[in-house]
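Structure record follows, encoded as structure tokens.
The values are calculated or read from the model by the stated rules, or taken from the named source; none is laboratory data. All values derive from a computational prediction rather than experimental measurement. Here Cβ is always computed from backbone atoms with ideal geometry, including for glycine, and neighbour counts include all displayed protein chains. Side chains included, ligands, DNA and RNA excluded: accessible areas come from the protein's heavy atoms. Shrake-Rupley method; radii C 1.70, N 1.55, O 1.52, S 1.80 Å.
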Amino acid sequence: VQLVESGGGLVQAGGSLRLSCVASESVSSPYRMGWYRQAPGNQRELVASITKSGTTMYADSVKGRFTISRDNAKNTVSLQMNSLKPSDTAVYYCNVLPTLSGADYWGQGTQVTVSA
């Protein structure tokens, strides 16, 4: 399974970025797709996830600012990030869980840096 991420970068506080992740065709309509992030010195944490049926979950720190979406036909998951804060600075990783009982897969990570 290959996951290709795009959309990271440098933005000022209050700005927006959109992350996208495309899963290879070997994964068809995975059960759950999501985004995690890891800042230096911190553990990797869940940012947002979305199931095949559209059920979403968000970290409290991003609720109301970030929106996750997916396109099942294109095997893509996106994360729209608005009102970004310096505390959102981290490497963001795409995560895909093809089936509830199976292994999950990770993208290579994309850097998001928010300047004050």
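3J(HN,Hα) couplings calculated from phi for the range 16-23 with the Karplus curve 6.51 cos²θ - 1.76 cosθ + 1.60 (θ = phi - 60°) are, in sequence order, 10, 9, 10, 9, 9, 9, 10, 8 Hz; Gly and Pro show x.
Mean separation of Cα pairs under 8 Å and 6+ residues apart, divided by the residue count of the chain: what relative contact order is that in percent?
36 percent
If a/c stays under 1.5 just call it rounded; otherwise compare a/b with b/c (prolate if a/b is bigger, oblate if not). Do that for the range 29-116, with a ≥ b ≥ c from the square roots of the Cα gyration tensor eigenvalues. The shape class here is prolate. Taking amide H as placed 1.01 Å from N in the peptide plane, residue 89 has its amide H under 5 Å from the amide H of 114, each at least 5 places away in sequence or on another chain. Shown in residue order for the range 52-69 are the 3J(HN,Hα) couplings computed by the Karplus curve 6.51 cos²θ - 1.76 cosθ + 1.60 at θ = phi - 60°: 4, 7, x, 6, 10, 9, 10, 5, 4, 5, 10, 4, x, 10, 10, 9, 9, 8 Hz (x for Gly and Pro).
Using a cut-off of 27 Å between alpha-carbon atoms, which lysines can reach residue 74, once sequence neighbours fewer than 8 places away in the same chain are excluded? Cross-link targets: 52, 63. For a paramagnetic label modelled at 7 Å from the Cα of residue 106 toward its Cβ, which residues of the range 41-63 fall within the zone defined by backbone nitrogen distances under 18 Å? Hits in the range 41-63 for residue 106 at 18 Å: 41-49.
Of all DSSP bridge pairs formed entirely within the chain, close to 90 percent run antiparallel.
Amide H contacts for residue 15 (H built 1.01 Å from N in the peptide plane; partners 5 or more residues away or on another chain; cut-off under 5 Å): 84. Dipole magnitude for the chain: computed about the Cα centre from +1 point charges on Lys and Arg Cβ and -1 point charges on Asp and Glu Cβ, it is near 200 debye.
The loop-placed GluC sites (Glu not before Pro) in the range 1-100, going by DSSP, that have at most 10 neighbouring Cβ atoms within 10 Å of their Cβ come out as 25. Computed from backbone phi with θ = phi - 60° and the Karplus coefficients 6.51, -1.76 and 1.60, the 3J(HN,Hα) list for the range 30-41 is x, 4, 9, 10, x, 10, 10, 9, 9, 8, x, x Hz; x is used for glycine and proline. Using the 1.4 Å probe convention, the accessible area of the chain works out to 52 Å² per residue with neighbouring protein chains retained.
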